[in-house]
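Step one of this worksheet: look at the structure below.
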Amino acid sequence: MIRKQTFDFLKKLAANNSREWFHANRPLYDAARANVLEFVTILLGEISKFDHRLTGVEAEDCLFRIFRDARFSRDKTPYKTNFGAFMKSGGRSTPGAGYYLHIEPGNCFVSGGIYMPPAPLLFAIRTAIAREAAPFKKIIGAPAFIKLFGGLSGDTLVTAPKGFPRDHPEIELLKYRHYLVYRGLSEKTVLSKEFSSVCIESFMAMRKFNAYLNELMGF
């Protein structure tokens, strides 16, 4: 389970986001990271029972680095104040849809699907939905899907995407820039013994969603 000390570290890091503080408190980071890796390992074992593509995937390959790339950002703080893990075949760096865990004080959630797909992949998804939306609508309309996620999440275009008519009957689905689902979670839930079950319930509900997107993108 996720320990309170892991949250305490993230809170302290948010208040002292500097290289000097981080290096002086490196043991706190190492312990927090080890806790998250242990939890992600448990999740991967459970996910692989219903999504065999994740069999053998290591937690180290899924956890994002805590170091920020601030080269092109106005925010020059050196560290992220969260732990994030993208669990999918091949790990976080490979393309395609997967299962995401985000641990951050005041902003914990699980998510799935694909964020910011490259233009060719996004076009492939939209083209398939435009051609025949029924399979996709059945997945996102499933009772468990609606109960846990409410529907799709993410930014949408103001008008029709290039190459698709404005009067297409599924234009609202085609406007999405990402194809994502999201479930917010309280810190109390994350620190509870039931947290792994909550995650697995969510990931099982998005399994067909991820599988469908990966099929459309050729993964």
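Things worth noting here:
- The residue among PHE164, ALA97, ALA31 whose Cα reaches farthest toward the positive pole of the charge dipole of the range 24-178, with charges on the beta-carbon of Lys, Arg, Asp and Glu, is PHE164.
- The length gained by stretching the chain between SER186 and ASP8 to full extension, at 0.36 nm per residue less their Cα-Cα distance, is 62.6 nm.
- Here the simple spin-label model places points 7 Å from the Cα toward Cβ, and for ARG74 and ASP30 these points are separated by 3.8 nm.
- Cα gyration tensor shape for the range 103-151, rounded if a/c is under 1.5, else prolate or oblate: oblate
- Dipole magnitude (debye, nearest 20) for the range 23-144, charges at Cβ of Lys, Arg, Asp, Glu: 480
- Label-zone membership for the range 1-32, site VAL198, 7 angstrom Cα→C-beta point, backbone N under 15 Å: 1-4, 7
- Pair-distance profile P(r), taking every C-alpha pair of the range 63-183, with 10 angstrom steps and integer %: 12, 35, 35, 16, 3
- In order through the range 94-111: 3J(HN,Hα) via Karplus (6.51 cos²θ - 1.76 cosθ + 1.60), integer Hz, x for Gly, Pro: 8, x, x, 8, x, 10, 10, 10, 10, 10, 7, x, x, 8, 9, 6, 10, 8
- The chain: angle of helix 119-131 to the longest principal axis, Cα-based, in degrees nearest 10: 40
- Whole-number D in µm²/s for the range 131-219 (Stokes-Einstein; Kirkwood sum over Cα pairs; 4 °C, 1.567 mPa s): 88
- Overall, the range 138-219 carries a charge dipole of about 40 debye about its Cα centre when +1 sits on the Cβ of Lys and Arg and -1 on the Cβ of Asp and Glu, all other atoms neutral.
- The range 22-40 versus the range 98-144: alpha-carbon centroid distance in Å: 30
- Convex hull (Cα only) mean projected area of the chain, reported in nm² to one decimal: 12.9
- Where only DSSP H runs of four or more residues are counted, the chain gives -13000 deg cm²/dmol as its mean residue ellipticity at 222 nm, each run worth -39500 (n - 2.57).
- Within-14-Å neighbourhood charge of ALA14 [Cβ basis; K, R +1; D, E -1]: 0
- Sparse-neighbour loop sites [chymotrypsin sites (Phe, Trp or Tyr not before Pro); the range 64-106; at most 11 other C-beta within 10 Å; DSSP]: PHE72
- Here's the list of lysines a cross-link from LYS175 could span, going by alpha-carbon distance under 26 Å and ignoring same-chain residues fewer than 8 apart: LYS88, LYS137, LYS138, LYS147, LYS162, LYS208.
- Relative contact order [Cα under 8 Å, 6+ residues apart], the range 4-217, whole percent: 21
- In Hz, Karplus ³J(HN,Hα) per residue of the range 181-193 (6.51, -1.76, 1.60; θ = phi - 60°; x = Gly, Pro): 10, 8, 9, x, 9, 7, 4, 4, 5, 5, 8, 7, 5
- Dipole magnitude of the range 28-86 about its Cα centre (Cβ charges: Lys, Arg +1; Asp, Glu -1), debye to nearest 20: 420
- FRET efficiency estimate (nearest 0.05) - Cβ-Cβ, ASP167 to GLU60, R0 41 angstrom: 0.25
Every number in this text was worked out from the coordinates using simple rules, so none of it is lab data. The structure presented is a predicted model; accordingly, all values stated were derived computationally and were not measured. Cβ atoms come from the backbone with ideal geometry, glycine included; neighbour counts cover every protein chain shown.
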